[in-house]
Amino acid sequence: MKKFISLVVSVFSPLFVLAQAVDTTATPTLLTLEDALRIALSENASVKVADQEIERTGYARKGTYASLFPQINGSASYQRTIKKQVMYMDGGGFDMSGMIAESLTNYLLPLYAQHPDVPFPTPAAPEPEEQSSSSNEGFSVGRWNTWSAGINASMPLVNAQLWKSLRISDQDVELAVEKARSSRLETVNQVKQAFFACLLAREAFEVYKSAYENALENCNQIQRRYNAQRASELDLTRAKTTLANAIPNVYDAESSVILSLWQLKAVMGISLDEQVDVAGSLGDYAEHMLYDLQESSELSLENNSTMRQLALQAEQLAEAIKVQQYASLPTLSLSFNYSINAMTNDFKFSEYKWSPYSFVGLNLSIPIFAGGQRLNAVRQARVQAQELDVQRTNTERQLKIAIRQYLNQMETAMKSYTSARSAAETAQKAYDIASKSYDVGRSTLTDLNDAQLALTQSRLGVSQAVYNFVVAKAGLEGTLGADFIDADGHVQLNKTYSNE
């Protein structure tokens, strides 16, 4: 008897300590599936990153549209001349005496004709050396300081390649929105699986705990019968062994509950120290299992996020081909420039004389020859479109296989649930009969243990069948992508989940 008491104390002491630790903590917050989904869609890291990607592509699109507006830039410069430029001139090319003589003849001669008393000046004849020789000494030009400031503007008037690239930037935003929807669908699927895993772990814990309690009750009963010399020591030893074997299952199931809750909190994006628990049971979802499954041929991939992304990428590549083709078209742009300049030898800014200069013009650029670069760019874009088409076909095939697998798993789970529920009812009845028969001595302890094992397996089978169904159903819903889509087929990212 002392040995038995010591065994019971050693078995229950960890559970007692754990119970005390649980009692000292705060009461956990119960979360329904809708609550978990609503929190995850606002706190999950991948959802936040996807939303920020939408914002980033929106800014990129605005930057692309800015190319249609005038681009205005200002400039300013200062140059210090280190050594001035020297210019050389030949005498014959720059005859000052000839210019003077011509001026006297054309302008002064008429004036002196009106006043004959005034002698007419006659320019001195140049010396022979000056008329025939060239100057070998140059003279410096320019000044030491050169200041300039100005503003220039340009604006595209006709640019087909630019206009087509704006469409691609719009498609980038659409693709980012679809990727955000994909992140939400993946988050919803992960939350559902984690939530159902918590329910399964908790129900498994309840089953193993019930099996442990039955084993403890049987052990106490056999101990009393052994004390009354109505049971053999073998029965008592086997009862204690069954009780001891039930302890690890309880601990493993409890650990699975804790780990599944951690996984759920991680997927939801909340702190792992938050005290939460899941509400409901897998039995609440069993009623959804009893309906006719649709044929895989009737299920459409129209709203599948992967297929929609591939379709958007195909549109982008089609536009990219046109962009490369439009690179061979002429472009027309408008330009304007205004600048002021000053050249001085000092730093007396108040005395500077600034000379303005401005112009406005049209620039026409006609591509003629680029060594085949534009042609090869078009070919490259077409090959990428062909690659994407092959990828789309293969992806569609794989998704159809996944749909059939989900449907098959759901159908198998429905059949397993019906069988497991019938087996659980029969196993419970068999265990009750075996327990009463053992009390009156009409059955052995082996029969009782076999009945207990069958009951445990059947109850776990029921929970496992429901879990397999809801997980496969969540995967099917994520593959079909019917969520976050409005009635017109447009993406609706602001959907919220509420208890109904």
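The values are calculated or read from the model by the stated rules, or taken from the named source; none is laboratory data. Keep in mind that what you see is a predicted model, and the values were worked out from it rather than measured. A quick note on method: Cβ atoms are made from the backbone with ideal geometry, for glycine too, and the neighbour counts reach across all protein chains shown.
Of the residues making up the range 475-487, those that are of a type in the set (A, V, I, L, M, F, W, C), under 19 Å from residue 179 (Cα atoms) and not in a helix (DSSP H, G or I) number 3.
Checking 451, 472 one by one, the residue that is in a helix (DSSP H, G or I), in contact with a Phe, Trp or Tyr (Cβ under 6 Å, 6 or more places away or on another chain), modelled with pLDDT of 90 or more and buried (at least 19 other Cβ atoms within 10 Å of the Cβ) is 472 and no other.
Scanning the range 315-351 for residues that are in a loop (DSSP other than H, G, I, E, B), under 30 Å from residue 171 (Cβ atoms) and not hydrophobic (A, V, I, L, M, F, W, C) returns 328, 330.
As a summary of the residue check, residue 185 satisfies the conditions (1) modelled with pLDDT under 90; (2) touching a Gly at 6+ places or on another chain (Cβ under 6 Å) except for the one numbered (1).
Okay, residues lined up against (1) assigned to a helix (DSSP H, G or I); (2) more than 30 Å from residue 400 (Cα to Cα); (3) free of Cβ contacts under 8 Å to residues at least 60 places away in the same chain:
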residue: 239; (1), (2), (3): yes, yes, no
residue: 242; (1), (2), (3): yes, yes, no
residue: 245; (1), (2), (3): yes, yes, yes
residue: 262; (1), (2), (3): yes, yes, yes
residue: 274; (1), (2), (3): no, yes, no
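Selection of first residues in the range 407-422 that are farther than 11 Å from residue 466 by Cβ and of second residues that are among the hydroxyl-bearing types (Ser, Thr, Tyr) and part of a helix (DSSP H, G or I), restricted to Cβ pairs under 7 Å at least 6 apart or on distinct chains, gives the following pairs, ordered by first then second residue: 407/296. Of all residues in the range 355-383, those satisfying the criterion of being assigned to a loop (DSSP other than H, G, I, E, B) and at negative phi are 366, 367, 368, 369, 370. Check whether at least one residue in the range 384-405 is modelled with pLDDT under 95 and under 26 Å from residue 156 (Cα atoms), and report yes or no. Looking for residues that are modelled with pLDDT under 95 and under 26 Å from residue 156 (Cα atoms), one finds none in the range 384-405, hence no. Would a scan of the range 174-185 turn up a residue that is in contact (Cβ under 8 Å) with a residue 60 or more places away in the chain, among the hydroxyl-bearing types (Ser, Thr, Tyr) and either part of a helix (DSSP H, G or I) or buried (at least 22 other Cβ atoms within 10 Å of the Cβ) (or both)? Yes, the range 174-185 contains at least one residue that is in contact (Cβ under 8 Å) with a residue 60 or more places away in the chain, among the hydroxyl-bearing types (Ser, Thr, Tyr) and either part of a helix (DSSP H, G or I) or buried (at least 22 other Cβ atoms within 10 Å of the Cβ) (or both). Could you check, for the range 192-199, whether at least one of its residues is in contact with a Gly (Cβ under 6 Å, 6 or more places away or on another chain), in a helix (DSSP H, G or I) and at pLDDT below 95? No, the range 192-199 has no match at all. Screening 461, 441, 478, 489 for residues that are under 20 Å from residue 175 (Cα atoms) and either over 36 Å from the mean Cα position of the chain (by Cα) or buried (at least 21 other Cβ atoms within 10 Å of the Cβ) (or both) leaves exactly one candidate, 478. The set of residues in the range 355-397 that are over 41 Å from the mean Cα position of the chain (by Cα) and surrounded by 12 or more Cβ atoms within 10 Å (Cβ to Cβ) comprises 358, 363.
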